[in-house]
Amino acid sequence: CEECNKQFGRPNHLKTHMRTHTGEKPYRCEECSKQFSMLGNLKSHMRTHTGEKPYRCEECSRQFSQLESLEKHMRTHTGEKPYRCDECSKQFSQLGNLKRHMETHT
């Protein structure tokens, strides 16, 4: 990539990456007109309209439309807290909770 020097093994991967610099979003949702830079992201987004939830928690059977949501949910079972406050070392399972906590230090 001439913009950031990142290297790619396939021309198509470079083409997709370039959209992060150009802001191009060629994939549009027919339901709500939201646009995406990658086809996979549009397909994932479509589940918000169809209600499809293909990802299931094996601990409690709760289902999710996004893999990332299942991964975040799994932390409630594992107790994993990957986000740490640099100021006081308190740990959080979700990035949003750390960000909200950081406001207490300002």
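So ASN5 passes all but one of these: (1) surrounded by fewer than 11 Cβ atoms within 10 Å (Cβ to Cβ); (2) on the phi < 0 side of the Ramachandran plot; (3) out of contact with any helix residue (DSSP H, G or I) (no Cβ under 9 Å at 6 or more places or on another chain). Which condition number does it fail?
Of the numbered conditions (1) surrounded by fewer than 11 Cβ atoms within 10 Å (Cβ to Cβ); (2) on the phi < 0 side of the Ramachandran plot; (3) out of contact with any helix residue (DSSP H, G or I) (no Cβ under 9 Å at 6 or more places or on another chain), the odd one out for ASN5 is (2).
Can you tell me which residue within the range 58-106, out of those that are among the acidic types (Asp, Glu), within 25 Å of MET46 (Cα to Cα) and modelled with pLDDT of 95 or more, is surrounded by the fewest Cβ atoms within 10 Å (Cβ to Cβ)? Reasoning before the result, please.
Step one: filter the range 58-106 for residues among the acidic types (Asp, Glu), giving 58-59, 68, 71, 80, 86-87, 103.
Restricting the remaining residues to those that are within 25 Å of MET46 (Cα to Cα) gives 58, 68, 71.
Cutting the leftovers down to modelled with pLDDT of 95 or more gives us 58, 71.
On the way: GLU58: 8, GLU71: 12.
Step by step, filter the range 58-106, then rank; the result is GLU58.
The values are calculated or read from the model by the stated rules, or taken from the named source; none is laboratory data. Treat the numbers as computed from the prediction; the structure is a model and nothing was measured. Cβ coordinates were reconstructed from backbone atoms using ideal geometry, including for glycine residues, and neighbour counts include every protein chain displayed.
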